[in-house]
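Comments concern the structure below.
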There are 2 protein chains.
Amino acid sequence: MVKIERLVNAIEPLNGAAMEAATRRLNSLTKPIGSLGVLEDLVIQLAGITGEVMPHVNSKMVIVMAGDHGVVAEGVSAAPQSVTPQMVYNFLNGGAAINVLAGLAGAQVKVVDIGVADPTLRHEKLISRKVSLGTANMTKGAAMSREQAIEALMIGVEAAGAEIEQGVQLLATGEMGIGNTTPSSAILAVYSDAALSVIVGPGVGLNSEGIDKKIQAIQTSLAVNQPDPADPIDVLAKVGGLEIAGMTGLILGAAARRTPIVIDGFISGASALLACKIAPRAKEYIIASHLSEEPGHKILLDAIDLEPMLRMRMRLGEGTGAALAFNVIEAATRIMREMATFEEAGVIMD
Amino acid sequence: MVKIERLVNAIEPLNGAAMEAATRRLNSLTKPIGSLGVLEDLVIQLAGITGEVMPHVNSKMVIVMAGDHGVVAEGVSAAPQSVTPQMVYNFLNGGAAINVLAGLAGAQVKVVDIGVADPTLRHEKLISRKVSLGTANMTKGAAMSREQAIEALMIGVEAAGAEIEQGVQLLATGEMGIGNTTPSSAILAVYSDAALSVIVGPGVGLNSEGIDKKIQAIQTSLAVNQPDPADPIDVLAKVGGLEIAGMTGLILGAAARRTPIVIDGFISGASALLACKIAPRAKEYIIASHLSEEPGHKILLDAIDLEPMLRMRMRLGEGTGAALAFNVIEAATRIMREMATFEEAGVIMD
């Protein structure tokens, strides 16, 4: 826990002076004050994070954390567990949606095996940091030990740190893990008054019978494990997942290194909720990308007080919504650097 | 009216066979069926519009229609009319938000003077098609004659046609015209049961006294002119604007040439509503970009049955929201062309 405490203490408040200077510059540009809405908010946030009045996000990366879930034994997913490693290979070979969308944004994709159940998973481009062959079935006991949860979280912190050191200026969370809307829903349930029937959705394509099984599995997991809301690491270990822990680490690691981090959909949102429970200041470093079709996602983002930019009815994960948002964030930085001021353009608003 | 009738008849239904083939291909790609939501809808729409199963939108353009409004004499705008030509020069010199956002999307910007009140407005890059020096004050009578409205509309049709002939594959509507949320609100009021107090917003920055004046001006305009909802050209002429007519023409012209057209915010939305009243089939060629802060915008888009992708709290106009959406539309076409199929990737979902 010393590591976690040190991490939390490393997350500093945003740079208020840079934010004020950014606001002044935005107000000098040829547009009604505040009329670019979220684009302006993004510039101000990036200024606060980086300390630069005209921030850059030239080097962008999605880090995809891949892990499996013992709870799939309860029939909570429409797709078989074998899809996790198959999709990891697809990411590494450049054929998945995340490769296409990151490519369009000029962003790299890195994939971390943090706990895929397939022991044969191997690829020269894969970052192999397997904590275990998937989590245990959380309906029978804790998904992970506390030590495993912290180990997985620190893998995320280190992954973020290593990339930031190499010059990455904008990070995003991505994930692959068949069954992972189930632990994500369980984490949300710990922190929300909303009923499971409202939180829980179809994931990649459960029917109503499947959703009933999923609700049942979550109820059982919560009853068996009694996760302690006051101890987010306890929640993460008992009803979370390895890739969820890894993404929680990515968020905290980015925040500790003053780097903006874009979160993707529902599962990334569960990681962000835990990150903000561990270190409330981390919230200021997070950029929400899209609102997914998963019904709990809005409840999750409201709980963190984040506002998504994109409404695409997407429900794929991988980091796809975050990658789409990269271009919007790039747009915000371009507005700041490239627009003419009122004085330069000779525009007199009043 | 013969011209308009010919235009309406030139708008054909989407290509159902291409849409079915596009859906089949989307369903073969390595993702749960439908999980990319709006990205998939966009690909299918583009396939229906272009007849191509793998559509391209390589050549993109925003056409900004600029015009002034006699109704500004009623104190309905927070900015003076002189800002219209000043901003036109800013567009032509590349310093405005639309230049930056279109540039990021790899799109061109063209500006049409369809009715700026400044008689001295001149620039080598400006397309000068001035119908009149702004509209008349619609609280005293019709904003335009029926002939002027048709002339302005046909300028838009021709502008779209000329660019499509030069190879443009994706068009967007943009506008500049101090005071133009007032005629846009009046057009919406003709077709909506919502109260003016719900429809009318601050535009670029009216205070509550200004909003009261604006509501008053719209009420007077509607009472004085009695626009006929069954005759959208009558509505356009009496309580519309030259740039609104021009954008209505852009939409109808793009649809008649089987070219997708992205609409921007509230004023573009008023043009789209009129375009769909003139030719209901035009709707299938329209892509909604963002939901603006102007309170009537959601009512407007609901009236056309369009769903915006972006929630940026923007209220600038110019085509800025549409330009931001260009990248999302490009993303949709890349997904279709670049993602691996289940067979290629060896992924077995069930």
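The values are calculated or read from the model by the stated rules, or taken from the named source; none is laboratory data. Being a predicted model, the structure only gives us computed values, none of them experimental. Cβ: placed from backbone, ideal geometry, glycine included. Neighbour counts: every protein chain shown. Just the protein is used for accessible areas: all its heavy atoms, side chains included, with ligands, DNA and RNA removed. Shrake-Rupley method; radii C 1.70, N 1.55, O 1.52, S 1.80 Å.
Overview of values
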quantity: Condition broken by A:Gly319, with the remaining ones in (1) open to solvent by less than 20 Å² (accessible area, probe 1.4 Å); (2) under 21 Å from B:Phe91 (Cα atoms) satisfied; calculated: (2)
quantity: Residue satisfying condition, being part of a helix (DSSP H, G or I), within 28 Å of B:Val57 (Cβ to Cβ) and outside the structural domain of A:Leu250 (by TED's automatic domain parsing), within set A:Val100, A:Val43; calculated: A:Val43
quantity: Every residue from the range A:103-137 that is within 29 Å of B:Asn327 (Cβ to Cβ) and either of a type in the set (S, T, N, Q) or part of a strand (DSSP E or B) (or both); calculated: A:Ala107, A:Gln108, A:Val109, A:Lys110, A:Val111, A:Val112, A:Ile127
quantity: The range B:307-350, residues that are among the acidic types (Asp, Glu) and at the interface with chain A (Cβ under 7 Å from one of its Cβ atoms); calculated: B:Glu330, B:Glu338, B:Glu344, B:Asp350
quantity: Close pairs from the range A:280-305: first more than 12 Å from A:Ala255 (Cβ to Cβ), partner among the aromatic types (Phe, Trp, Tyr), Cβ under 7 Å, at least 6 apart; calculated: A:Ser292/A:Phe266; A:Glu294/A:Phe266; A:Gly296/A:Phe266; A:His297/A:Phe266; A:Leu300/A:Phe266; A:Ala303/A:Tyr191
quantity: Output for the range A:316-350, where each listed residue is under 14 Å from the mean Cα position of the chain (by Cα) and in a loop (DSSP other than H, G, I, E, B); calculated: A:Leu316, A:Gly317, A:Glu318, A:Gly319
quantity: A:Val88 vs. criteria in contact with a Pro (Cβ under 8 Å, 6 or more places away or on another chain) and either basic (Lys, Arg) or within 14 Å of chain B (Cβ to nearest Cβ) (or both); calculated: no
quantity: Candidate set: the range B:25-45, residues that are among the polar types (S, T, N, Q) and more than 8 Å from chain A (Cβ to nearest Cβ); chosen: the one nearest to B:Ala340 (Cα to Cα); calculated: B:Ser28
quantity: Hey, B:Ile33 at pLDDT 95 or above, open to solvent by less than 10 Å² (accessible area, probe 1.4 Å) and of a type outside the set (Ser, Thr, Tyr) or not; calculated: no
quantity: Residues (touching a Pro at 6+ places or on another chain (Cβ under 9 Å) and surrounded by 24 or more Cβ atoms within 10 Å (Cβ to Cβ)) located in the range A:200-234; calculated: A:Val200, A:Gly203, A:Lys214, A:Ile218, A:Ser221
quantity: Pick from the range A:92-114, criterion more than 10 Å from chain B (Cβ to nearest Cβ) and farther than 22 Å from A:Glu330 by Cβ, ranking: farthest from the chain's Cα centre (by Cα); calculated: A:Leu92
quantity: Selection count where residues are open to solvent by less than 10 Å² (accessible area, probe 1.4 Å) and not β-branched (Val, Ile, Thr), scope the range A:267-293; calculated: 14
quantity: Failed criterion for B:Gly167 (all others in (1) outside any helix (DSSP H, G or I); (2) buried (at least 24 other Cβ atoms within 10 Å of the Cβ) hold); calculated: (2)
quantity: Condition broken by A:Ala189, with the remaining ones in (1) buried (at least 16 other Cβ atoms within 10 Å of the Cβ); (2) touching a residue at least 60 places away in the same chain (Cβ under 8 Å) satisfied; calculated: (2)
quantity: Tally of residues being at pLDDT 95 or above and either over 14 Å from the mean Cα position of the chain (by Cα) or among the charged types (D, E, K, R) (or both) across the range B:257-293; calculated: 10
quantity: Every residue from the range A:46-78 that is in a helix (DSSP H, G or I), over 17 Å from A:Glu338 (Cα atoms) and away from chain B (no Cβ under 14 Å); calculated: A:Gly48, A:Ile49, A:Thr50, A:Gly70, A:Val71, A:Ala73, A:Glu74
quantity: Residue within the range B:235-251 that is open to solvent by 10 Å² or more (accessible area, probe 1.4 Å), assigned to a loop (DSSP other than H, G, I, E, B), modelled with pLDDT of 95 or more and among the small types (Gly, Ala, Ser) present; calculated: no
quantity: Hits in the range A:278-306 - residues which are outside any helix (DSSP H, G or I) and more than 12 Å from every other protein chain (Cβ to nearest Cβ); calculated: A:Ala279, A:Ile286, A:Ile287, A:Pro295, A:Asp305, A:Leu306
quantity: Cross-chain or 6+ apart pairs with Cβ under 6 Å, the range A:200-215 first and within 13 Å of chain B (Cβ to nearest Cβ), then among the aliphatic types (A, V, I, L, M) and open to solvent by less than 30 Å² (accessible area, probe 1.4 Å); calculated: A:Val204/A:Ala79
quantity: B:Ala256 vs. criteria among the small types (Gly, Ala, Ser) and without any contact (Cβ under 8 Å) to a residue 24 or more places away in the chain; calculated: no
quantity: Selected residue (only one of B:Gly16, B:Gly37 is at positive phi and free of Cβ contacts under 8 Å to residues at least 60 places away in the same chain); calculated: B:Gly37
quantity: Hits in the range A:67-90 (condition: open to solvent by 30 Å² or more (accessible area, probe 1.4 Å), in contact with a helix residue (DSSP H, G or I) (Cβ under 6 Å, 6 or more places away or on another chain) and among the polar types (S, T, N, Q)); calculated: A:Gln81
quantity: Members of the range B:17-41 found to be within 26 Å of the chain's Cα centre (by Cα) and farther than 30 Å from A:Pro80 by Cβ, listed by number; calculated: B:Ala18, B:Met19
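Conditions (1) within 18 Å of the chain's Cα centre (by Cα); (2) crowded, with 20+ Cβ neighbours inside 10 Å, marked per residue:
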| residue | (1), (2) |
| --- | --- |
| B:Met144 | no, yes |
| B:Glu158 | yes, no |
| B:Ala162 | yes, no |
| B:Leu171 | yes, yes |
| B:Glu175 | yes, yes |
| B:Thr182 | yes, yes |
| B:Asp193 | no, no |
